[in-house]
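As structure tokens, the structure follows; a few thoughts come after it.
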Amino acid sequence: MISKKNISLFVASISYGGTERVVARLCNELIKYYNVTLVLMYNNIDLPIHKEVKIICLSTKQEHYDNSSLFKLKTFLISTYKYPKIVKQHKIDVSISFLIKQNTINGITKMFQPKLKTIISERCFPSKTYGKFGEQLVRYFYNKNTNLFSNSVHINHDLQNNFNVKIPKHVVYNPIYTRKEKPDFLEYNNAKQPFKIVAVGRLNPVKNQKSLIKSIALINETVSLNIYGIGSLEKELKALATTLNLNKIVTFKGNSDTIDHEILKHHCLVLTSLSEGFPNVILEAMSLGVPVIATNCKSGPLELLNDNKKVQIEEGEFYRAKYGLLVNVDDEKALAKAITYYKNNEEVRKKYSDLSFIKAKQFDITVIGKQLKKIIDTHLCVE
């Protein structure tokens, strides 16, 4: 019997964010093929991890995530020192990292351990995410690694054209757990009851929930909006809802351990991001047959909702894409129109529900796991 090779997955934490969900799912799938070590910068595990995955935290049990710059710098420097030692100690054959800090440390580890194979994963659209310092980290340290995969063709193009990242690049889309049977479609046939809208994501500037709340104020219809997530803008967003007299319509629900069940209780899901990598929440909704409205931001929504075929959207209007509706970023008028369109056209919502559920099968964890395994095995010389 051939012994399993040793791989590590290096990420900041396993919390409720999109990248963290991806890493948790990949750990649980890749354990079928390798000895997996999950390395965390912060002592935060909110999602289930397979019992056979070895977990190592670079911070102490007393240290939790702190948003201050000094704390972040301290943790980065400690991790830069500790991670190469862990790789060597646990005889890691392939080190896989996620996001800029971990990718930088992976590149540094490779510099001092040349035989180590390092694969980095970018999950954000770099030109819209990183400042000048981040840009320099990407330009220098990303090229020190062996290989790269992102979750969007647009991210790879951006890395090559604007950051001069020359290492081989692949696209591996986000994995989800799909269902064999499609959940029941939530009908809307009572105008006296609210049309239920859901949004899921961190409450931060990039997710742009402010635009969504403003659009709700433009709808002269019976609607309700539940927003799931926590973040730095929570007080500001709640104040905006109060100012617009939407306290009875907009509800902030915090995080949920069963977000798929919560999404299913709604008639549509809306994403209003300024930028994305490959939005998990759209994929989650599609896998549940919940119709989606999304901004046509870089990157992800166009790939998911229109098979990456470019579209031109007029200001104040929405676009009927193949698997959902698209609007321009920060176009509250168009978003209000799109929501109202779904509310008044049950047959269209049903059509998108059915198409989305089928499309989501392409991203099942078993499919995506094999795609990443193929990249890993290339570096292990496994046939």
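Every number here is computed from the coordinates shown, using simple stated rules; none is lab data. Quantities reported herein were computed from a predicted structural model and do not represent experimental measurements. Cβ: placed from backbone, ideal geometry, glycine included. Neighbour counts: every protein chain shown.
Nearest 500 deg cm²/dmol is fine: what mean residue ellipticity at 222 nm does the chain get from its DSSP H runs of n ≥ 4 alone, each adding -39,500 (n - 2.57), divided by its residue count? Don't skip to the answer; put the middle values down first.
Values: 13 runs with 150 residues, N = 383.
Helix contribution divided over all residues of the chain: -12000 deg cm²/dmol.
Excluding residues fewer than 8 places away in the same chain, name every one of the lysines whose C-alpha is closer than 25 Å to that of residue 350.
Cross-link targets: 180, 182, 192, 196, 265, 309, 310, 322, 333, 337, 359, 361.
Most exposed first by the Cβ proxy, i.e. fewest other Cβ within 10 Å, how do 111, 41, 286 rank? Don't jump to the answer; show the numbers that get you there.
Details: 111 14, 41 24, 286 28.
Ascending number of Cβ neighbours within 10 Å: 111, 41, 286.
Where in the chain are the DSSP H helices whose C-alpha atoms run 20 Å or more along the long axis and whose mean Kyte hydropathy is at least -1.0? List each step's numbers first, then the result.
Numbers: long enough: 69-89 (30 Å, 0.00); 346-360 (21 Å, -0.83); 365-380 (22 Å, 0.38).
Once both thresholds are applied, what remains is 69-89, 346-360, 365-380.
Which loop trypsin sites (Lys or Arg not before Pro) in segment 276-320, with loop taken from DSSP, have no more than 14 other Cβ atoms within 10 angstrom of their Cβ?
Working: sites: 298, 309, 310, 320; in loops: 298, 309, 310.
Within segment 276-320, the qualifying trypsin sites (Lys or Arg not before Pro) (loop, at most 14 other Cβ atoms within 10 Å) are 309, 310.
Simple spin-label model, 7 Å along Cα-to-Cβ: residue 347 to residue 56 in nm?
Distance between the two pseudo-spin positions: 6.0 nm.
Please give the Cα centre distance for segment 31-63 versus segment 266-289, rounded to the nearest Å.
Segment 31-63 and segment 266-289 have Cα centres separated by 27 Å.
How charged is the neighbourhood of residue 17? Take every other residue with its Cβ under 12 Å from the Cβ of residue 17, and add Lys/Arg as +1 and Asp/Glu as -1. Each step should come with its number before you reach the end.
Details: positive: 21, 123, 202, 207; negative: 20, 46.
Neighbour charge sum, excluding residue 17 itself: +2.
Give me the one-decimal nm value for the distance between modelled label points at residue 236 and residue 378, 7 Å along each residue's Cα-to-Cβ direction.
Each label point is offset 7 Å from its Cα along the Cβ direction, giving 4.1 nm.
Can you grab the distance from the C-alpha centre of segment 137-209 to the C-alpha centre of segment 315-383, Å, no decimals?
10
Between residue 206 and residue 90, what FRET efficiency follows from the Cβ-Cβ distance if R0 is 41 Å, with the result rounded to 0.05? Numbers along the way, then the final one.
Values: r = 35 Å, r/R0 = 0.84.
Between residue 206 and residue 90 the formula returns 0.75.
Residue-wise, which Karplus ³J(HN,Hα) couplings in Hz belong to segment 190-202, taking 6.51 cos²θ - 1.76 cosθ + 1.60, θ = phi - 60°, and x for glycine or proline?
Per-residue couplings from phi come out as 9, 4, 7, 9, x, 7, 8, 10, 10, 10, 9, x, 4 Hz.
Checking the a/c ratio against 1.5 first, then a/b against b/c, what shape does the Cα gyration tensor give for the chain? Please list the in-between numbers first.
Working: a/c = 1.89, a/b = 1.70, b/c = 1.12.
Prolate.
Listing 42, 352, 81 from the residue with the fewest other Cβ atoms within 10 Å to the one with the most, what is the order?
Details: 42 20, 352 26, 81 12.
In order of increasing Cβ crowding within 10 Å: 81, 42, 352.
Tell me the net charge near residue 129. Cut-off is 13 Å between Cβ atoms, residue 129 excluded, with +1 for each Lys or Arg and -1 for each Asp or Glu. It would help to have the intermediate numbers written out before the result.
Details: positive: 101, 123, 128, 132, 207, 298; negative: 122, 135, 158, 276.
Taking every other residue near residue 129 into account, the sum is +2.
I need 292, 206, 250 ordered by Cβ neighbour count within 10 Å, fewest first. The partial results should precede the final answer.
Values: 292 27, 206 16, 250 24.
In order of increasing Cβ crowding within 10 Å: 206, 250, 292.
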